[in-house]
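> Take this structure, written in structure tokens, and hold onto it; I'll ask about it next.
The values are calculated or read from the model by the stated rules, or taken from the named source; none is laboratory data. Nothing here was measured: the structure is a model prediction, and the numbers come from that model. Here the Cβ is made from the backbone with ideal geometry for all residues, glycine too, and neighbour counts use every protein chain on show. To get the accessible areas, we keep the full protein, side chains included, count just its heavy atoms, and leave off ligands, DNA and RNA. Shrake-Rupley method; radii C 1.70, N 1.55, O 1.52, S 1.80 Å.
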Amino acid sequence: MSSDKEHVEHCKGVNGLDKVILRENRRCSAEVYLFGGQVTSWKNPQGEELLFLSSKAAFKPPRTIRGGIPICFPQFGNIGSLERHGFARNRIWSVDTDPPPCPSNVSHKAFIDLILRHSEEDMKIWPHRYECRLRVALGPTGDLMLTSRIRNTNTDGKPFSFRFGYQTYFFVTDIREWFTEQEDAITFESEVSVYISEAGLCLPCPFISNSFGFAFTVLLMKKVDKVYLSTPTKIAILDHERKRTFELRKDGLPDAVVWNPWDKKAKAMPDFGDDEYTNMLCVEAACVEEPVTLKPGEEWKGRLEISAVPSSYCSEQLDPRRPPPIGSTAKFAKHLCAHCLVSRLKALV
């Protein structure tokens, strides 16, 4: 853990829950609750909030916090016998006093190390011993970095398997006018787009002129809940109205999930405002299709780095009458809706 009080503040949050505030010299900040090991706020140097947090979010354990970046472990979604997305997001984590050393080329001052270990109660529903470590770091330029390490500490010689995900809720421009329908055709006029890079896989995306180079578009329609399998390591979310791009770089997390509940489901969720779906988009880096299996003593590492940078693309250039560029989606057929993925995986059991 960091001992620099200027960059790391331990304090109380909503309902007296323990939280940690990370601050960088450029006035960037992030807030992390020990409940769930969950990032609930990430702000840029202008003090603008970059993550979505519902106004109805319950900070009342064991209810999960709606928004921020919940940790999905050891289960993702309903793929398994545990509660949805596993139990890590509604457990109290501890500050890790003996974390793994940082790489020698990293000099972050604003960071916190947390750890979650098995409990007797957890072993009744998931009979394995483990250590789940999480480092949340704020870079000098405001980049947000999450690094997770999971180790099998079973003493009976048995391996275990798990799925994992960073369920990141981004705060975005109003998305109600994403598309119009004309018979079977859909013309997109989105102010928010998601690009998953894959150099050489398809035609260059005219909306991006940065290191991503080549990209294809995840076309978003009203309610969306899709799992994209074996995705590249870079994902971009362009908020055209705010001229802001979120760049996600992931390691050890092969899949990606895009989710927005839209109006009907939002109204059915007690911890979600009826109209809050209009400013929220979940883009999750995850291990979904293939679970990770660890033998005793083995460790898995997953990492997510998020940057918020000015977009090189201006929203005025978007022509709602023009469909997405040829090749932008045609070669990205390896995607499944969440329901179909669950059905597929159950069929394999």
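> Exactly which chymotrypsin sites (Phe, Trp or Tyr not before Pro) in region 1-110 are in a DSSP loop and have at most 11 other Cβ atoms within 10 Å?
Filter output for region 1-110: empty list.
> Under a point spin-label approximation (7 Å from Cα along Cα-to-Cβ), what is the Glu298-Asp274 distance to one decimal in nm?
5.1 nm
> Please list, ordered by chain and number, the residues whose modelled amide H lies under 5 Å from the amide H of Val288; skip anything fewer than 5 residues away on the same chain.
Under 5 Å from the amide H of Val288 lie the amide H atoms of Asp255, each far enough along the sequence or on another chain.
> For Lys56 and Ser81 in the same chain, what is the full-extension length gain: residue separation times 0.36 nm, less their Cα-Cα distance, in nm?
6.2 nm
> Under 18 Å from a point placed 7 Å out from the Cα of Cys11 along the Cα-to-Cβ direction: which residues of region 78-94 have their backbone N that close?
Zone members listed by number: none at all.
> Pop out the carbon and sulfur fraction of the accessible area of region 4-48 as a percent, whole number, probe 1.4 Å.
42 percent
> If I ignore ligands, DNA and RNA and count only protein heavy atoms, how much of Arg151 is accessible to a 1.4 Å probe, in Å² to the nearest 10?
Accessible surface of Arg151 is approximately 80 Å².
> Take Lys56, Lys250 and sort them by solvent-accessible surface of the protein heavy atoms, 1.4 Å probe, largest at the top.
Lys56, Lys250
> Would you mind estimating how fast region 1-59 diffuses translationally, via Stokes-Einstein at 20 °C and 1.002 mPa s with the Kirkwood radius over Cα pairs, in µm²/s?
It comes out at roughly 177 µm²/s.
> Rounded to the nearest 10 Å², what accessible area does Leu17 show when all protein chains are kept and the probe is 1.4 Å?
Roughly 30 Å² of Leu17 is accessible to a 1.4 Å probe.
> Given the pairs Lys56/Lys295; Lys5/Lys234; Lys43/Lys223; Lys226/Lys295; Lys158/Lys234; Lys5/Lys43, which are separated by over 29 angstrom at their Cα positions?
Lys56/Lys295; Lys5/Lys234; Lys226/Lys295; Lys158/Lys234
> Specify which residue in the list Cys11, Cys28, Ala58 is farthest towards the positive end of the charge dipole of region 1-134, using unit charges on the beta carbon of Lys, Arg (+1) and Asp, Glu (-1), about the Cα centre.
With unit charges placed on the Cβ atoms, the residue in question is Ala58.
> For region 53-176, what is the accessible area per residue in Å² when the probe is 1.4 Å?
Accessible surface, normalised per residue, equals 42 Å².
> If you keep only loop residues by DSSP, which GluC sites (Glu not before Pro) in region 44-91 have at most 15 other Cβ atoms within 10 Å of their Cβ?
Glu48, Glu83
> Roll a 1.4 angstrom probe over the protein heavy atoms and tell me the percent of accessible area of region 59-171 that is carbon or sulfur.
50 percent
> Cα centroid distance between region 224-246 and region 36-98, in Å?
Spelled out, the Cα-based centre of one part sits 20 Å from the other.
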